[in-house]
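The block underneath contains the structure these notes are about, expressed in structure tokens.
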Amino acid sequence: MTDSRDRAMSHVTITSRSQTRMAEVLAGRGGGPGRFLLFAGPAIIASIAYMDPGNYATNIQAGAGYGFTLLWVVLLANLIAMLFQALSAKLGIVTGKNLAELSRESFSRPVVLAMWVVSEIAAMATDLAEFLGGALGLSLLFGMPLMAGMAVTALVTYGILLMEGRGFRPMELVITGFVAVIGLCYLAELFIAPIDWAAAVGGLTVPQLPDAAALTISVGIIGATVMPHAIYLHSGLTQGRVSTRDDGERRKLVRYSNIEVVLALGVAGLINMAMVMMAASAFHAGHSEVAEIETAYHALTPILGGFAAGAFLISLIASGMSSSVVGTMAGQLIMQGFIRRSIPIWLRRLVTMLPAFVVVALGVNATYALVLSQVVLSIALPVPMVALLIFTSRRSVMGDFVNVAAMRWLAGLGAGLVLALNGVLLAQTFGVPIPGLK
């Protein structure tokens with residue numbers, strides 16, 4: 001069953017006024033210095049995937065255990081993310097179709113059904129981490145039961161999702177607001193925490209792995225970087241967003257998209273680096289064992305004060321709620337793209353949040369549940385990543401926008417690195433010994 005709101009999840013609703021203004025800019029008849037802002041939005045929404053609650057645990061562990069040493073790993077992970085989100089956006093712009101739709105049209109029915117099932121499971125696992133993160137933040141900040149925090153998170157995220165029916169701008173502005181909250185919280189943390197900036201620059205520019213445990217953490221940071229739902233969603237957010245008449249206009253649109261990807265994911269990368277730096281300053285010297293969100297919050301108050309601890313939780317709540325909204329949008333797009341079906345947004349919200357309620361009801365540790373969700377994502381990641389590389393490297397699909405040889409090699413290298421590290425994560429999870437790791 002479909003309705004206008006569900007359809008908008010796959011093809012972003014654009015007002016005629018915005019369409020006209022963007023078309024004029026592409027045709028070279030309008031704009032000015034602020035013309036780029038007309039096209040901003042898709043990468044901002046996708047960037048939420050790179051600062052969701054799943055990132056908090058790995059960043060805290062990296063900073064607490066190794067200070068500023070692993071900042072270069074965060075930088076590398078962010079560069080890989082930029083590459084794949086740019087390719088996903090280009091796919092939607094050039095073809096007018098999203099990754100799920102192209103997969104349905106190009107692969108056999110059994111393969112498509114398998115891809116859909118795996119992608120739906122990944123969407124649920126994504127929402128598990130994001131939903132629990134927001135609920136955990138509310139629980140710690142206001143002293144409420146975790147189940148009550150989940151109920152509040154469910155209501156708030158559903159309310160935000162309803163705004164999408166009013167057009168693309170309200171949703172994008174809300175998500176941008178959440179990004180701003182997260183960024184301001186960590187900017188405040190950097191002013192409060194005694195950052196050793198020389199050590200931070202060294203950790204960012206000089207790659208080093210002090211021991212096998214550092215390699216293990218690095219595997220976790222990079223291996224869980226590129227999110228399956230973000231790859232699918234970005235192509236859907238750019239498809240049909242504005243009509244283009246020729247390759248010249250499409251090329252200009254791709255250029256605007258690439259600029260936005262660099263800026264939006266650059267901000268996400270800076271926020272992740274700030275997380276590591278805060279943890280390094282607060283915990284590395286005397287609390288290097290801190291590895292869980294709850295532990296980090298309780299330790300922050302005596303170390304940096306109540307304001308720092310509160311800012312940490314506010315950023316976690318903003319991260320959880322915004323990323324949960326984006327995850328639900330991605331789930332709608334995935335279903336509609338693969339099987340040409342969609343469900344009411346309230347039912348999609350209910351289905352994706354049920355695993356989180358089950359986990360809490362069973363008494364599973366929230367941070368442990370976040371780790372398990374990353375394992376599921378590691379299994380699902382090859383599906384969209386490989387499909388994206390296949391389609392963007394086919395001239396029959398992309399025409400003159402096909403990946404050049406250098407891009408194919410670079411993307412292949414990035415994909416190989418991420419998938420190999422995801423394989424290491426899975427092996428470690430299931431107890432398979434990896435030489436050099438402990």
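Working carefully through the options Leu233, Leu270, find the one that is out of contact with any Ser or Thr (no Cβ under 7 Å at 6 or more places or on another chain) and farther than 23 Å from Ala123 by Cα.
Leu270
When residues of region 373-414 are filtered for being more than 16 Å from Ala123 (Cβ to Cβ), outside any helix (DSSP H, G or I) and not polar (S, T, N, Q), how many remain?
3
So for region 207-216 (the condition being of a type in the set (Asp, Glu) and modelled with pLDDT under 85), does at least one residue qualify?
yes
Out of the helices (runs of 4 or more DSSP H) lying entirely within region 70-172, which hold 2 or more residues that are among the acidic types (Asp, Glu), buried (at least 24 other Cβ atoms within 10 Å of the Cβ) and in contact with a Pro (Cβ under 7 Å, 6 or more places away or on another chain)?
Because the criterion is at least 2 residues that are among the acidic types (Asp, Glu), buried (at least 24 other Cβ atoms within 10 Å of the Cβ) and in contact with a Pro (Cβ under 7 Å, 6 or more places away or on another chain), no helices (runs of 4 or more DSSP H) in region 70-172 meet it.
How many residues does region 332-346 contain that are under 21 Å from Ser106 (Cβ atoms), among the aliphatic types (A, V, I, L, M) and more than 20 Å from the chain's Cα centre (by Cα)?
Residues flagged as under 21 Å from Ser106 (Cβ atoms), among the aliphatic types (A, V, I, L, M) and more than 20 Å from the chain's Cα centre (by Cα) within region 332-346 amount to 1.
With the structure loaded, tell me whether Val276 is assigned to a helix (DSSP H, G or I), farther than 18 Å from Leu140 by Cα, of a type in the set (Val, Ile, Thr) and modelled with pLDDT under 90 or whether it fails that test.
No; evaluated as a whole, the condition is false for this residue.
Kindly indicate whether Ala308 is out of contact with any Phe, Trp or Tyr (no Cβ under 7 Å at 6 or more places or on another chain), crowded, with 16+ Cβ neighbours inside 10 Å and in a helix (DSSP H, G or I).
yes
So which residues in region 1-60 are buried (at least 21 other Cβ atoms within 10 Å of the Cβ), assigned to a loop (DSSP other than H, G, I, E, B) and modelled with pLDDT of 80 or more?
Result: Gly41, Asp52.
Just to be sure I understand, how many residues within region 189-224 are within 21 Å of Tyr56 (Cβ to Cβ) and among the hydrophobic types (A, V, I, L, M, F, W, C)?
Total meeting the criteria: 15.
Taking into account only those residues within region 185-227 that are among the charged types (D, E, K, R) and not in a helix (DSSP H, G or I), which is surrounded by the most Cβ atoms within 10 Å (Cβ to Cβ)?
Once the filter is applied, the top-ranked residue is Asp196.
Given the criterion farther than 26 Å from Ile80 by Cα, in contact (Cβ under 8 Å) with a residue 60 or more places away in the chain and touching a helix residue (DSSP H, G or I) at 6+ places or on another chain (Cβ under 6 Å), identify the matching residue among Ile222, Ile192, Ile231, Ile175.
Ile192
Among (1) among the polar types (S, T, N, Q); (2) assigned to a helix (DSSP H, G or I); (3) out of contact with any Asp or Glu (no Cβ under 9 Å at 6 or more places or on another chain); (4) under 24 Å from Ala369 (Cα atoms), there is one condition Ser257 misses while meeting the rest; what is its number?
(4)
Inside region 360-389, can you point out the residues that are β-branched (Val, Ile, Thr) and either at positive phi or modelled with pLDDT under 80 (or both)?
The answer is Val360, Val364, Thr367, Val371, Val375, Val376, Ile379.
From the residues in region 218-239 that are at pLDDT below 80 and either hydrophobic (A, V, I, L, M, F, W, C) or more than 22 Å from the chain's Cα centre (by Cα) (or both), which one is nearest to Glu24 (Cα to Cα)?
Looking at residues that are at pLDDT below 80 and either hydrophobic (A, V, I, L, M, F, W, C) or more than 22 Å from the chain's Cα centre (by Cα) (or both), I get Val226.
The values are calculated or read from the model by the stated rules, or taken from the named source; none is laboratory data. In this text, all values refer to a predicted model and were calculated from it rather than measured experimentally. When we count neighbours, we look across all protein chains shown, and the Cβ atoms used for this are built from the backbone with ideal geometry, even at glycine.
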